[in-house]
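Take a look at the structure below.
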Amino acid sequence: MFTMKFDIEVGSYKLGMVEKVEIIRSVEQLADSAVVTLPGAEYNIALDIEEKIHRGDRIVINLGYEEIGMVQEFEGWVQRIGSDNGAITLECEDDLFLFRKALEDKQLKNVSLESLLDLVVQGVGGGFKVDCSYSWKYEKFVINSATGYDVLRKIQEECGADIYIQDGTLHVHAPGEKVGNTILYDFTQNVQDCDLTYRRTEDRRVRVVVKALLPDGKVKEREYGTTGGDKVVVKCASSDDDSMNLRGESEHKRLTFDGYDGNIVTWLVPYIKPGDKAELYDRDYAYKNGSYYVRAVTTEFSADGGKRTVELGYRLV
C-alpha cells in the first residue's frame, strides 16, 4: 500500500495540510479547474489565510505517492477563495484565467479563425502563441463588451473544437485531431471500478444537422449520418461547405462507433490526461478490447485515497 503525498504551492506560500483536492480536466470544457479544500478550523486558529492567499495567485499542485514520487497535476491561478461550511476552498483555473480580460469592441468581416485568435491573444497579453488547424473564415464576428474568455467560449460552441492551453500555446483543433500518450488499462490489474456500456454502431443511429446563418438572415443546412436516426442539431460559425463538412463529420464521428460509453475509475498511477489514448484490455471479451480518446479526467485526493475517473470519448481503434 502506497503512502499519499502532496506538494501544493500558492504564490509564495506552501500548504502544510489539505482536506481534499479535486481537479477536473476536459477537452470539452474550456478551462481546466481545481478545488483545494483546506481544514478551516486549523487554519483559522493558526493563520489568517486571507492575508496569505489572494485571487490571482499562482498555484501549482503536485500529487502522488511517497514510494514512487509525484507528478504535476495542475498549474493555474486562484480564481476565488470561499469559506463555506467551516472549510476554506481555493477555486482555481488554468492559464485560461488570464483570458478573462476585456477586449476592445470590434466588428470584423471575412476574418479567418486564426487571425481572430491572434487578436484575442494580443488583447489579453501574456505572450501566448496560437496553434490552430481550422481554416474557416467568419463572414462577420462582433466583439462587444466581451473578454478573451467569452470569445473562446463562443468559438468552441460554434465549431466544437478542442481548445486548451499547453506550454504557453493556445491550441484549437478538431475533436481528437491531436492524440497524446497511450495508457494501458487491464480490467484485472489497474482498474478500480467502471461504469461502462458497450454499444454497437447500429445502436447509435444519429443524423447530424449542421446549421449556419447566412448574411441575409437565412439558414443554410447540411445533414450527415443515418437517415431516421436521432436528430442532433449543431451550429456552425461559417457557411462555407468545407467548414460545415468539418463540423458535421467531427460531430458524427464523436457520436457513432462500436465501443464503450462511460468511465473507468483508477488510482493515481498511471497518470493520464484528456486527449490521451486509453487502451482497454478485457481478457474475457476480446471483441471489447480497443483504444479510446480520453474526453475528461477527474482526479480526487483526500484521506480516503487518490483516484481518477477517466471518461471515454469515441473509439480510436
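Since every read-out is calculated from the coordinates, none of them should be taken as a lab result. Computed from a predicted model, the values in this text were never measured in an experiment. Neighbour counts are summed over all protein chains in view; Cβ atoms, including those assigned to glycine, are modelled from backbone coordinates with ideal geometry.
Choose one answer from LYS129, LYS106, LYS220: the residue with the largest mean-square fluctuation in a GNM of the chain with alpha-carbon springs under 10 Å.
The residue that fluctuates most here is LYS106.
ARG205 to ALA87: FRET efficiency via 1/(1 + (r/R0)^6), r the Cβ-Cβ distance, R0 45 Å, to the nearest 0.05?
Numbers: r = 47 Å, r/R0 = 1.05.
Step by step, r from the Cβ atoms, then E = 0.45.
Determine which lysines satisfy two conditions relative to LYS20: a Cα distance under 26 Å, and not lying fewer than 8 residues away in the same chain.
LYS5, LYS52, LYS273, LYS307
As a test, work out the antiparallel percent of DSSP beta bridges whose residues both lie in segment 205-256, rounded to the nearest 5.
55 percent
What's the FRET efficiency of TRP267 with ASP230 using the Cβ-Cβ distance as r and R₀ = 41 Å, to the nearest 0.05?
0.70
Report the paramagnetic label zone for MET1: residues of segment 296-312 whose backbone N is under 18 Å from a point 7 Å from Cα along the Cα-to-Cβ axis.
Inside the label zone: 301-307.
Need one word for segment 99-173: rounded, prolate or oblate. Basis is the Cα gyration tensor (sqrt eigenvalues a ≥ b ≥ c); a/c below 1.5 gives rounded, then a/b vs b/c decides.
Since a/c reaches 1.5 but b/c is at least a/b, the shape of segment 99-173 is classed as oblate.
Greater than 20 Å separation of Cα atoms is the criterion. Which listed pairs, LYS106/LYS137; LYS101/LYS178; LYS101/LYS154; LYS211/LYS277; LYS137/LYS277; LYS231/LYS253, meet it? Numbers along the way, then the final one.
Values: LYS106/LYS137 16 Å; LYS101/LYS178 28 Å; LYS101/LYS154 15 Å; LYS211/LYS277 31 Å; LYS137/LYS277 31 Å; LYS231/LYS253 14 Å.
Exceeds cut-off: LYS101/LYS178; LYS211/LYS277; LYS137/LYS277.
About the Cα centre of the chain, what is the dipole size in debye to 20, counting +1 per Lys and Arg Cβ and -1 per Asp and Glu Cβ, all else neutral?
For the chain, the charge dipole is close to 1080 debye.
When DSSP beta bridges are limited to those with both residues in the chain, what percentage is antiparallel, rounded to the nearest 5?
85 percent
Go through ILE264, ALA161, TYR138 and say which Cα lies farthest out towards the positive end of the charge dipole of the chain; charges sit on Cβ, +1 for Lys and Arg, -1 for Asp and Glu.
Selected residue: TYR138.
Once you sort the root eigenvalues of the Cα gyration tensor of segment 205-256 as a ≥ b ≥ c, which label holds: rounded (a/c under 1.5), prolate (a/b larger than b/c) or oblate (the other case)?
Verdict is prolate for segment 205-256.
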